[in-house]
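The values are calculated or read from the model by the stated rules, or taken from the named source; none is laboratory data. On a predicted model such as this, the values are computed, not experimentally measured, just so you know. Quick reminder, even Gly has a Cβ in these numbers, built from the backbone with ideal geometry, and neighbours come from all protein chains shown. Accessible surface areas use protein heavy atoms only, side chains included; no ligands, DNA or RNA. Shrake-Rupley method; radii C 1.70, N 1.55, O 1.52, S 1.80 Å.
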Amino acid sequence: MQSDLSAIVEAVNLVWVLTVTFLIFFMHAGFAMLEAGQVRSKNVANQLTKNLLTWSVGVITFFLVGAAISTIVGGATGGGSYSFMGSFTDVWYPGESTAWVGWLFGAVFAMTAATIVSGAVAGRAKLRAYVTYTILLAAVIYPVVTGLTWAGGFLVDFHDFAGGMIVHGMGGIAGLTAAWIIGPRMDRFNEDGSVNVIPGHSLTFAVLGTLILAFGWYGFNVGTAAAPLAMADDGSVTLGSFSYVGRVALTTTLAMGAGAIGAAALSVVKTGKVDTLYVANGLLAGLVGITSVTDAVVWPGALVIGLLAGAQLPIVFEFVEKRLNIDDVCAVFPVHGSAGVLGALLFPFFSVNGFTVGTLVNQVVGVVVIALWTFAATAVVFSVLKAIGQARVTPAHEQAGLDSSEHGVDTYPEFGKPDVAADGGITFESEDVVRTDGGSEE
């Protein structure tokens, strides 16, 4: 009977993990819409293709190489025992096939970190450059970070519950580095350093993507916290600690709302108006800020972290744009990078266990090490790609748009072009007349 109960508990918990995994995977739809909405119409298909290939190429690479590298780095830097070849075979041919559930759960986190970078380099990066970086990120760059932290490496005391710094902060720093090396889009900055605004083509897509991401974030945070059933030593089955899960759900929700409010407030202070895109990205920044610490902060702390994460977004975005002259198209650094850093560093001040200097030191060291490794590794990859002329499309291709130059498609073929009528004539559309007679425009 106890054996039967054990099987039931394991089955329920595994199904829960898979459900959460699929929820996190659905965040790719959110990233696709958010980023597609913030690029110009001539680059939409390129951005969508990058999102598709991030998953397709990245998840296979993570399965074949990345997961094992994480285990090896964790054992090598944390003093634990590990086998180099065994780390690979444990993923490829595990003793129990249920181990693949855990691998897939880790893979969706890895792919989230990878896809963040595409938003920073949108509109000018070659597809092959982005795919190359995705392969290296999934195989080495991200697994080193998880190896140093979650896999038992020397940063094992760094508190990051669900990847606020390990996933999002890392992705934001990587995106900023890549955007800096590749350079800005054409006409983004003038010779005197002043900025030209290049608006995205669809605010609707951007907001839809934001809400899809927020929905998936419950899988990121609450899903990580929950184990629906637990089996005691005496064989009895109990519910998991849902007071703990409830804290995660509450703090995630509060920080999300506070992030949007913080960004809206700063938008009003700076411009006198509420910028919709700032509100959307502020909501996401609040989520990023709380993700590291959502399991172990008091609820007022979630409000403060969310407000600050949202409020810093317009300030950091303007600093990156106007002071550093880096063209971060989808604001990935203020949304993911600086917000991830902020949340991790604020943990000791709102921890349920109270403030300790040791905790603060652990957080500072963890943030610095992850940031330095991510910057260095990303800079090397994109510097090499730039040196061999493979990082950026040609000016002619950039001006024409990456949809046509990289993919041979037009995402919106009806816009601004004549249509062929059913009778073989040409339909000319203007505000005053629609002609389908096949004649000239005169």
Residues of the range 352-368 classified as assigned to a helix (DSSP H, G or I) and either surrounded by fewer than 18 Cβ atoms within 10 Å (Cβ to Cβ) or touching a helix residue (DSSP H, G or I) at 6+ places or on another chain (Cβ under 6 Å) (or both), total: 10
Options Ala67, Ala11, Ala36: the member that is modelled with pLDDT of 95 or more and more than 28 Å from Val145 (Cα to Cα): Ala36
Some residue of the range 106-121 being under 20 Å from the mean Cα position of the chain (by Cα), at pLDDT 95 or above, more than 19 Å from Ser56 (Cβ to Cβ) and not small (Gly, Ala, Ser): no
Checklist (1) free of Cβ contacts under 8 Å to residues at least 60 places away in the same chain; (2) of a type in the set (Gly, Ala, Ser); (3) over 25 Å from Val222 (Cα atoms) applied to Ala110, failing item: (3)
Pair list, Cβ under 7 Å, 6 or more apart: the range 349-375 residue farther than 21 Å from Pro143 by Cβ and free of Cβ contacts under 8 Å to residues at least 24 places away in the same chain, other residue of a type outside the set (A, V, I, L, M) and surrounded by fewer than 18 Cβ atoms within 10 Å (Cβ to Cβ): Phe355/Phe349
Residue satisfying condition, being within 26 Å of Asn281 (Cα to Cα), not basic (Lys, Arg) and not in a loop (DSSP other than H, G, I, E, B), within set Ala129, Ala107, Ala139, Ala122: Ala107
Tabulated pairs, the range 281-307, first farther than 22 Å from Thr356 by Cα, second outside any helix (DSSP H, G or I), C-beta under 7 angstrom, 6+ apart or interchain: Asn281/Ala331
Residue that is at pLDDT 95 or above and open to solvent by 10 Å² or more (accessible area, probe 1.4 Å), where the choices are Thr98, Thr132, Thr89: Thr132
Residues located in the range 381-406, provided they are within 21 Å of Ala36 (Cα to Cα), within 26 Å of the chain's Cα centre (by Cα) and open to solvent by 50 Å² or more (accessible area, probe 1.4 Å): Arg392, Glu406
